[in-house]
Structure formats: C-alpha cells, structure tokens
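Q: There's a structure below that I have some questions on.
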Amino acid sequence: MKDLSLKKKVSVTHDELDSLEMFFNINLPISYRKFILEFNGASPEEAIIRINSEERVLERFLIVSEDEKLDSGLMQYEIKVVMAQIEERLTDNEDLVGAETLPFAYLFGGDFLCLDFKEDAINPKVVIWDHNESEELSPVFYKAFDNFQEFLDAMSFS
C-alpha cells in the first residue's frame, strides 16, 4: 500500500466487524478488516483512484459502528445506514437475505465503491456502484479491482 496519510475517525472492534459479517451474511476479506481497524470512517484530504484510465475521487471510507451515540454528521456514513438507504438498488434479487454487495467508500458525485461477493464470497472484487444508472432491483456496477488489496495498492493519497 502506498503511504497512507489518513486519520482514523471512529474506533471499531473485532466484535463489531464480526457483527457486521453476521448481519449481512458475508465474510469480510482480511485486508479489509485490517484496513478498517486502523482507518474506520477515514476521510482523506484527497484520494485519487485510477480505474480503467479514469480518475475518481474517494471522499470517505464508510464507518462500521454500533455506537448509537455516533455524531449525526458521521452516522450518515455508517455502513448499515447507507445500506438501508440504497439496498433495493444494490441487488436484483428481491428475496436476498444478507448482502451480496457491500459499500465501503463514498466517491465524489454519489457513487460507492463496493465489495462484490456474488462470484467469490472469500475474495470479493471491488466494483463501483453507479447511483445514476441504478434503479430498484436493477443495479449497475463497473468492475474496478480484482480484490480489496489490489484497490489499496492502487490508491494515491495526498
């Protein structure tokens, strides 16, 4: 991973990550767990992601927290809160229990970076969820990286 000049915003425990996994019926990649334990909810001053010759700006990593007293300005970026707002637009399976796609970062312009568990539940790829093109039960995703570690290796923070 490149030099990471991020500050952790919200503390998170292994138990909270385990709870997130149980809630969404997924197994988080080890690289994501390690990252979020150190940089939960981090908002880089400027983070550029190069995806297929296009540059995207990452505004904030989403927060994993079970703290009901979390500041309302931060609560809007808590993963379960975000999922409650967009979950019908993240799947084409109305009978789904849990999640097959989990947002983990907010991009400038309203899109999200997500872990996509559909094809590989152990090593999910990273996709961009297009909020403009997605509709209820008709999500639009673009592959960004083969896995979370590849995403971290490609990040450029300033």
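The values are calculated or read from the model by the stated rules, or taken from the named source; none is laboratory data. Computed from a predicted model, the values in this text were never measured in an experiment. Cβ sites come from the backbone with ideal geometry, for glycine too, and all protein chains shown count toward neighbours.
Q: So, L102, is that one part of a strand (DSSP E or B), modelled with pLDDT of 95 or more, crowded, with 16+ Cβ neighbours inside 10 Å and not polar (S, T, N, Q) or not?
A: The answer is yes for L102.
Q: Can we say G110 is at pLDDT 90 or above, assigned to a loop (DSSP other than H, G, I, E, B) and in contact with a His (Cβ under 7 Å, 6 or more places away or on another chain)?
A: Here the answer is yes, as G110 does meet what is asked.
Rundown of residues vs (1) crowded, with 20+ Cβ neighbours inside 10 Å; (2) among the hydrophobic types (A, V, I, L, M, F, W, C); (3) in contact (Cβ under 8 Å) with a residue 60 or more places away in the chain, yes/no style:
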| position | (1), (2), (3) |
| --- | --- |
| G98 | no, no, yes |
| G109 | no, no, no |
| L115 | yes, yes, yes |
| I122 | no, yes, yes |
| E136 | no, no, no |
| K143 | no, no, no |
| F151 | yes, yes, yes |
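Q: Within region 33-73, count every residue that is among the acidic types (D, E) and free of Cβ contacts under 8 Å to residues at least 12 places away in the same chain.
A: Summing the residues that are among the acidic types (D, E) and free of Cβ contacts under 8 Å to residues at least 12 places away in the same chain in region 33-73 gives 4.
Q: Quick check on region 59-80: of everything there that is modelled with pLDDT of 95 or more and assigned to a helix (DSSP H, G or I), which residue is surrounded by the fewest Cβ atoms within 10 Å (Cβ to Cβ)?
A: Ranking the qualifying residues of region 59-80, first place goes to K80.
Q: Is it true that F104 is under 20 Å from K9 (Cβ atoms), in contact (Cβ under 8 Å) with a residue 24 or more places away in the chain, of a type outside the set (S, T, Y) and in contact with a His (Cβ under 9 Å, 6 or more places away or on another chain)?
A: For F104, the condition - under 20 Å from K9 (Cβ atoms), in contact (Cβ under 8 Å) with a residue 24 or more places away in the chain, of a type outside the set (S, T, Y) and in contact with a His (Cβ under 9 Å, 6 or more places away or on another chain) - is not met.
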